[in-house]
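Visitor: I'd like to ask you about the structure that follows.
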Amino acid sequence: FANEMNRLVLAVTEGFASMRFRDALKHAWYGMQEARDRYRSGCVESGLDAELTRRWVEWQALLMVPITPHWSEEVWSAVLGKEGCAVRAAWPTPTAPIDAGVSAAGAYLFKVSSVIATAMANHEKKAAKAKGKGGKPADGGAAAPKPNQARLYVARKFPRWKERVLELLRSHFDADSGAVSEAVRAAISGCDEIKACNKGKQPMQFAAMMMEEAKLGGLSALALSMPFDEALVVEQNLSYLRTTLASVGVVGIHVYTEAHDSVPDAEMLASAAPGAPSVQLFHAE
């Protein structure tokens, strides 16, 4: 939470300095609100840190001064009990350097929550289509219980053929254009190591998908592994995930990696990739 607040302060400062007021507002209000909501959801069991929460209130009031001065002054005096005017107070500055690894881990955690919620929504749609006009299964059998558990299969590395494709994509990435050169297609087609894997069209399909990812995420989208332990991040934040996913009925999350002696579904683990875990829903009493 502290790392995200530091990042947002820099983003807001840059937005105002460059006269991109829409961006400044986006980070100063919506970004700070979202950071608070996520922090609050993750602290259901441990509780909020009083000092950190007060810093958030103070910083948001100050960041919003150029846009909503009257609201900021009210928060400054009535909520925080501070003397003087918010407009005369010092502008917030980060309390520590931005930790890119922490930011990446946080984004991954929110992605996991979204992936599981989406899987539940898709399951509900399929279940609804399978029902007959009377609200019963079309085949006349008993309705399967709604899933309330999720298995999360996490891969720490790509299969070797995907690693080789990524290596070629990275070597053909143009920092100026922010995209991968089309010349990489010929390099992939002519790579003997990739050919030896006998994956047919999959290497080119994977390359095309990752080239699109690189247009949005830059070179970091072509990383061979994540800069943090995915399974550990999930396991350390299970309370947050259970809280955010309770609204869709998921009350249990179980993490599996290649380090496990056995997994419920080896194919699901094989389909996972670094930064893109596979989800399997099931019901348990």
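The values are calculated or read from the model by the stated rules, or taken from the named source; none is laboratory data. Keep in mind that what you see is a predicted model, and the values were worked out from it rather than measured. Note that we place each Cβ from the backbone using ideal geometry, even for glycine, and neighbour counts take in every protein chain shown. For the accessible areas, the whole protein counts, side chains as well, though only heavy atoms, and no ligand, DNA or RNA atoms are used. Shrake-Rupley method; radii C 1.70, N 1.55, O 1.52, S 1.80 Å.
Visitor: Consider R54 carefully, then state whether it is under 30 Å from L241 (Cα atoms) and among the charged types (D, E, K, R). Working first, answer last.
Guide: Details: under 30 Å from L241 (Cα atoms): yes; among the charged types (D, E, K, R): yes.
For R54, the condition - under 30 Å from L241 (Cα atoms) and among the charged types (D, E, K, R) - is met.
Visitor: While we're on this one: Is it the case that V180 is in contact with a Pro (Cβ under 6 Å, 6 or more places away or on another chain), at pLDDT 90 or above and crowded, with 19+ Cβ neighbours inside 10 Å?
Guide: It is false that V180 is in contact with a Pro (Cβ under 6 Å, 6 or more places away or on another chain), at pLDDT 90 or above and crowded, with 19+ Cβ neighbours inside 10 Å.
Visitor: State all residues of the stretch 228-252 that are over 20 Å from C43 (Cβ atoms) and either β-branched (V, I, T) or in a helix (DSSP H, G or I) (or both); if no residue qualifies, say none.
Guide: Of everything in the stretch 228-252, those that are over 20 Å from C43 (Cβ atoms) and either β-branched (V, I, T) or in a helix (DSSP H, G or I) (or both) turn out to be E230, A231, V248.
Visitor: So which of T93, T53 is within 26 Å of the chain's Cα centre (by Cα), surrounded by fewer than 18 Cβ atoms within 10 Å (Cβ to Cβ), polar (S, T, N, Q) and not in a helix (DSSP H, G or I)?
Guide: On inspection, the qualifying residue turns out to be T93.
Rundown of residues vs (1) under 22 Å from the mean Cα position of the chain (by Cα); (2) assigned to a helix (DSSP H, G or I); (3) among the acidic types (D, E), yes/no style:
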{"site": "R185", "(1), (2), (3)": "no, yes, no"}
{"site": "I188", "(1), (2), (3)": "no, yes, no"}
{"site": "E193", "(1), (2), (3)": "no, yes, yes"}
{"site": "N198", "(1), (2), (3)": "no, no, no"}
{"site": "M210", "(1), (2), (3)": "yes, yes, no"}
{"site": "L219", "(1), (2), (3)": "yes, yes, no"}
{"site": "S225", "(1), (2), (3)": "yes, no, no"}
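Visitor: Could you please let me know if D229 is open to solvent by 50 Å² or more (accessible area, probe 1.4 Å) and under 16 Å from the mean Cα position of the chain (by Cα)?
Guide: So D229 passes the test.
Visitor: Consider K131 against the criteria (1) within 30 Å of G101 (Cβ to Cβ); (2) modelled with pLDDT under 85; (3) of a type in the set (D, E, K, R): it satisfies all of them except one. Which criterion is unmet?
Guide: It fails just one condition, (1).
Visitor: Which numbered condition trips up V65, out of (1) open to solvent by 60 Å² or more (accessible area, probe 1.4 Å); (2) free of Cβ contacts under 8 Å to residues at least 60 places away in the same chain; (3) assigned to a loop (DSSP other than H, G, I, E, B)?
Guide: It fails just one condition, (1).
Visitor: Among (1) of a type outside the set (D, E); (2) out of contact with any Gly (no Cβ under 8 Å at 6 or more places or on another chain); (3) open to solvent by 50 Å² or more (accessible area, probe 1.4 Å); (4) modelled with pLDDT of 85 or more, where does A105 come up short?
Guide: (3)
Visitor: Mind counting the residues in the stretch 253-278 that are of a type in the set (A, V, I, L, M) and either part of a loop (DSSP other than H, G, I, E, B) or in contact with a Leu (Cβ under 6 Å, 6 or more places away or on another chain) (or both)?
Guide: So the first thing to find is which residues in the stretch 253-278 are of a type in the set (A, V, I, L, M), and the list is 253, 255, 259, 263, 266, 268-270, 272-273, 276.
In the following step, the residues that additionally are either part of a loop (DSSP other than H, G, I, E, B) or in contact with a Leu (Cβ under 6 Å, 6 or more places away or on another chain) (or both) were identified as 253, 255, 259, 263, 272.
Qualifying residue count for the region: 5.
Visitor: Can you find a residue that is closer than 30 Å to G31 by Cα, surrounded by 12 or more Cβ atoms within 10 Å (Cβ to Cβ), of a type outside the set (S, T, Y) and modelled with pLDDT of 85 or more anywhere in the stretch 134-151?
Guide: The answer is yes; a qualifying residue exists.
Visitor: A further question follows. Go through E258, E235 for me and flag whichever is modelled with pLDDT of 85 or more and farther than 17 Å from K111 by Cα. Talk me through it step by step, then tell me what you get.
Guide: Values: E235 fails: farther than 17 Å from K111 by Cα.
E258 is the lone residue from the list that is modelled with pLDDT of 85 or more and farther than 17 Å from K111 by Cα.
Visitor: In addition: Collect the residues in the stretch 21-49 that are farther than 20 Å from N237 by Cα and surrounded by 13 or more Cβ atoms within 10 Å (Cβ to Cβ), keeping them in residue-number order.
Guide: Hits for the stretch 21-49 are F21, D23, A24, L25, K26, H27, A28, W29, G31, M32.
Visitor: Kindly establish whether L222 is of a type in the set (A, V, I, L, M, F, W, C), open to solvent by less than 40 Å² (accessible area, probe 1.4 Å), touching a residue at least 24 places away in the same chain (Cβ under 8 Å) and in contact with a Lys or Arg (Cβ under 7 Å, 6 or more places away or on another chain). Before you say what the answer is, go through the steps one by one.
Guide: On the way: of a type in the set (A, V, I, L, M, F, W, C): yes; open to solvent by less than 40 Å² (accessible area, probe 1.4 Å): yes; touching a residue at least 24 places away in the same chain (Cβ under 8 Å): yes; in contact with a Lys or Arg (Cβ under 7 Å, 6 or more places away or on another chain): yes.
In short, yes.
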